[in-house]
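Data first, discussion second: the structure below is written as structure tokens.
The values are calculated or read from the model by the stated rules, or taken from the named source; none is laboratory data. Nothing here was measured: the structure is a model prediction, and the numbers come from that model. Cβ placement follows ideal geometry from the backbone for every residue including glycine, while neighbour counts extend to all protein chains displayed.
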Amino acid sequence: MTKLFTNIKELIQVREASVQKVSGTKMNILPTLKNAFLLIENNIIKDFGLMDEIPNFSADEIIDCAGKMILPTWCDSHTHIVFAGNREQEFVDRIKGLSYEEIANKGGGILNSAKKLQATSEEELYQQSAKRLNEVIALGTGAIEIKSGYGLTLDSELKMLRVIKKLKENYNIPIKATFLGAHAIPTEFKHNKEGYINLIIDEMLPKISSENLADFVDVFCEVGYFSVDDTDRILSAAKKYNLISKVHVNQFNSIGGIAISTKHNALSVDHLEVLSDDDLAQLKASETMPVALPSCSFFLGIPFTPARKIIDANLPLALATDYNPGSTPSGNMNFVVATACIKMKMTPEEAINAATINSAFAMNLSNKVGSITKGKLANFFITKEIPSYGFIPYSFGSNLIDEVYINGNKF
Ligand code: NIG
Ligand code: FE
């Protein structure tokens, strides 16, 4: 089955397969073709080029895109979309003056979500999560990473990871599963953090590995959660099961989480709202992708990740949503791209590169998604009629997506 998209006003993010990520000043370059065609065969991008030079194909279906643009689908490399219920009450408590940390210290926060998740059946959890996945695909996301970390017991962490496995089976976008048992210290282990870390290392990791339930491992490395030494122990243990690390670091404090993550060759370090010069130097000496989560900063009213400092140091930067019930109840990558431009002073070119090719890299999916490249998956979206691609972040809050194609089919 072949489909030919014609008269595309601008085909965005056209790349050779060799480009796996972009850094520094190269982030400000977004390769495009004006007045272009795109040919797909089944689920794969087969060819593209200028309308003037279109070869003589006979396609099974021709779709006229006059006035519209095509972008590769967004890659969301950091989410927690498997959760139960919501934390709307904490949202109201914060409006009334309590901080995110104060709420967590009173037993709210991650522990509140864990209590709800533990009491929810696997089937119900799947239904709630699938609804969120449908919502974000319709918003243009065509590859996603999903974390555990609201279970905090062996059974409930397995329940979360089995839900992610079922999502992988039932949806045809690339999905990566991350084991985040070290998300918070459960109440039962309040005075015995070592006991919980032993549970993660001695019971959770072997079981998860034997059922092949995770691609990556994550730790919330932060004051009041897991220290640098704890993170070191957990990442070392996970390495024995071939789990690559992606680590929550520097959300509220810079405590050395970046150095320990790069020591473990982490694929990404995520959050980075607080970033010291030493942290920056560690990143420069590594291949680790820094990931910013601007919707989280927006929702919690905490500093935005210093994107300029990172990009101007010649580093790459990726963008993701952090969709979760506590700090970011939104999975809208269009909003993330707009917020990166508006609040982090990223150009539209930098933000689109960060939300496609670089966020694909942050999931080890550079060979499949993240750009319009021959041989990659036919995951892309067609915009409404817009004057320029910069109009997407400029029109923050508007939905400018007309149609989303996943594996070559309309979603
Ligand atoms: O990435 N920072 C840690 N974890 C999540 C939030 C968890 C929650 O509040 O439920 C985050 O922001
Ligand atoms: Fe997160």
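Per-residue answers, yes or no, for (1) surrounded by fewer than 18 Cβ atoms within 10 Å (Cβ to Cβ); (2) in contact (Cβ under 8 Å) with a residue 60 or more places away in the chain; (3) hydroxyl-bearing (Ser, Thr, Tyr):
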{"residue": "PHE216", "(1), (2), (3)": "no, yes, no"}
{"residue": "VAL219", "(1), (2), (3)": "no, no, no"}
{"residue": "TYR225", "(1), (2), (3)": "no, no, yes"}
{"residue": "LEU243", "(1), (2), (3)": "no, yes, no"}
When (1) more than 14 Å from the chain's Cα centre (by Cα); (2) surrounded by 24 or more Cβ atoms within 10 Å (Cβ to Cβ); (3) more than 29 Å from PHE252 (Cβ to Cβ) are applied to GLU350, the one that fails is (3)
Which of (1) surrounded by 14 or more Cβ atoms within 10 Å (Cβ to Cβ); (2) in contact with a Gly (Cβ under 9 Å, 6 or more places away or on another chain) is the odd one out, the single condition THR187 does not satisfy?
(1)
Does ASN86 meet the test of being of a type in the set (S, T, N, Q) and within 11 Å of ligand 1 (Cβ to nearest atom)?
yes
How many residues of the range 35-81 are touching a helix residue (DSSP H, G or I) at 6+ places or on another chain (Cβ under 9 Å) and surrounded by fewer than 17 Cβ atoms within 10 Å (Cβ to Cβ)? The answer is 1
Every pair of residues 6+ apart whose Cβ atoms lie under 9 Å, when the first sits in the range 103-124 and is outside the structural domain of MET160 (by TED's automatic domain parsing) while the second is away from ligand 2 (no atom under 15 Å from the Cβ):
none
Which number in (1) crowded, with 24+ Cβ neighbours inside 10 Å; (2) out of contact with any strand residue (DSSP E or B) (no Cβ under 7 Å at 6 or more places or on another chain) marks the one condition that MET363 misses?
(2)
State yes or no: is TYR241 of a type in the set (Ser, Thr, Tyr), modelled with pLDDT of 95 or more and within 20 Å of PHE83 (Cα to Cα)?
no
Selected residue (criterion: farthest from ligand 1 (Cβ to nearest atom)) from residues of the range 95-144 that are surrounded by fewer than 16 Cβ atoms within 10 Å (Cβ to Cβ) and within 16 Å of the chain's Cα centre (by Cα):
ALA138
Output yes when any residue across the range 126-137 is within 16 Å of ligand 2 (Cβ to nearest atom), basic (Lys, Arg) and out of contact with any Asp or Glu (no Cβ under 7 Å at 6 or more places or on another chain), and no when none is.
yes
